[in-house]
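Quick notes on the structure that follows.
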Amino acid sequence: ALGDQALVSGSRFAATVAIGRTCGAGELGAYGLCFTFVVLFSSALQSLVTLPYTVYWKKRHANRRDSHAGSILLHFFALCLVASATLLGASLISALLPGGERMTRVFLALSVFLPGLLLWEFARRIGFAHLRVRAVFLLDFFAALLFVTSLTSLSLSGGLSAVTAYVV
């Protein structure tokens, strides 16, 4: 589990360094500001959805377990809708501000792609709840490999930005 967290954190750190070195301070600032929303909604997912599942999934009553599994899916989708709506609202606000074009683009990209990132985090947390550490590590390994490879490719081609980093 510690190796898995090092892998996830290392790939996110590599993304931050790549954006800072390739794109400059403005793009790094936009990426970092939007990353606070990623952390906020990932923490909400952890606190409101996956942590209660982790605590209650082993209940012996099959129908309670089934209803709880359905409940966490509904809560997950509701959280995704709230996250996307919040980021769409942030993009509208930044569009009204002078010089907010960059942040508008990043907020719009994140509003579309944050549910996918939350789905990945959801899968990780459910995997950890069921003690499938090896499966979670493999998921994270291939996700990190794809992420770092794509960022490297974008960086070398000159297409890396905060928006494209969140798309990846």
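A compact table of results
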read-out: Hits in segment 116-125 (condition: open to solvent by 60 Å² or more (accessible area, probe 1.4 Å) and either in contact (Cβ under 8 Å) with a residue 60 or more places away in the chain or touching a strand residue (DSSP E or B) at 6+ places or on another chain (Cβ under 6 Å) (or both)); value: 125
read-out: Any hit, segment 104-112, residues being of a type in the set (A, V, I, L, M), touching a residue at least 60 places away in the same chain (Cβ under 8 Å) and either open to solvent by 90 Å² or more (accessible area, probe 1.4 Å) or over 12 Å from residue 50 (Cβ atoms) (or both); value: yes
read-out: Per-region count, segment 1-11, residues surrounded by 15 or more Cβ atoms within 10 Å (Cβ to Cβ) and farther than 14 Å from residue 152 by Cβ; value: 3
read-out: Tabulated pairs, segment 15-35, first open to solvent by 40 Å² or more (accessible area, probe 1.4 Å), second part of a helix (DSSP H, G or I) and among the hydrophobic types (A, V, I, L, M, F, W, C), C-beta under 6 angstrom, 6+ apart or interchain; value: 28/19
read-out: Residues satisfying the stated conditions in segment 126-160, i.e. of a type in the set (D, E, K, R) and either open to solvent by 80 Å² or more (accessible area, probe 1.4 Å) or part of a loop (DSSP other than H, G, I, E, B) (or both); value: 132, 134
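The values are calculated or read from the model by the stated rules, or taken from the named source; none is laboratory data. None of the values given here were measured: they were computed from a predicted structure. Neighbour counts are summed over all protein chains in view; Cβ atoms, including those assigned to glycine, are modelled from backbone coordinates with ideal geometry. Side chains included, ligands, DNA and RNA excluded: accessible areas come from the protein's heavy atoms. Shrake-Rupley method; radii C 1.70, N 1.55, O 1.52, S 1.80 Å.
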